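This report refers to the structure that appears directly beneath it.
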Amino acid sequence: GAMIETPALLFELEELLDAFMMPVFEGKLRDKEKRAHNVQLFSRLHTEGLELRMKIISSFSHVLIRFVQAFSKILPNLTPAEIFFRMKCSMGILMTLAMEPPFPKHTMPLQTELGPEQLAASMIAYASAGFRSYPDPKPNQGDK
C-alpha cells in the first residue's frame, strides 16, 4: 500500500517554551550554589564586553536557530526577527530570576517568594502571553 505521510508534530506554545526555558530554570535556578555561578556568568557577560558574549552565544547559536524555526511553525504570523526578540525577552526573565534576592526587601515590602513549581508555571504563562501578543504596527510615539 501507499505510504501515508504524517505531518510534522507541532508542539503547543507552552510545551515549546517549557523546552526552551526549563533546562536553565531546573539546572540553575533551583540550586542555590548553581544560581550563584549563574549570577557571576551573567555579570561577566555584561561587564567584560562583546567578545566574550559573542563567543558564548555562538557556541549555542545552532540551538537558538532551531528554536526560532520551531516557534515560527507555531506562530507563522511572526517574523523570525520578532520571534528572536521574544526569545531574548524570555531569556531576560531567566536572568532576572537568577538574581538573588531579586529586589532588596525594603524596596519590595509586598514581595513573597513563589515555590519552584508555581514560579515555573508563572514564568511559562508570562512568556507565552508575550509570544501570543501582537504589537501595534504604529506604536504611540508620544504627543507631537
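Values for this structure:
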quantity: Residue match in the stretch 52-66 (condition: open to solvent by less than 100 Å² (accessible area, probe 1.4 Å), in a loop (DSSP other than H, G, I, E, B), among the hydrophobic types (A, V, I, L, M, F, W, C) and modelled with pLDDT of 65 or more); calculated: yes
quantity: Pick from the stretch 83-103, criterion exposed (fewer than 13 other Cβ atoms within 10 Å of the Cβ) and farther than 21 Å from I65 by Cβ, ranking: modelled with the highest pLDDT; calculated: T96
quantity: Close pairs from the stretch 67-80: first farther than 17 Å from E14 by Cβ, partner outside any helix (DSSP H, G or I) and open to solvent by 20 Å² or more (accessible area, probe 1.4 Å), Cβ under 8 Å, at least 6 apart; calculated: N77/Y134
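The values are calculated or read from the model by the stated rules, or taken from the named source; none is laboratory data. As the structure is a prediction and not an experimental result, all values here were calculated from the model. Don't worry about glycine lacking a Cβ; one is built from the backbone with ideal geometry, like all the others, and counts go over all protein chains shown. Each accessible area value is taken on the protein alone, full model and side chains, heavy atoms only, with ligands, DNA and RNA left out. Shrake-Rupley method; radii C 1.70, N 1.55, O 1.52, S 1.80 Å.
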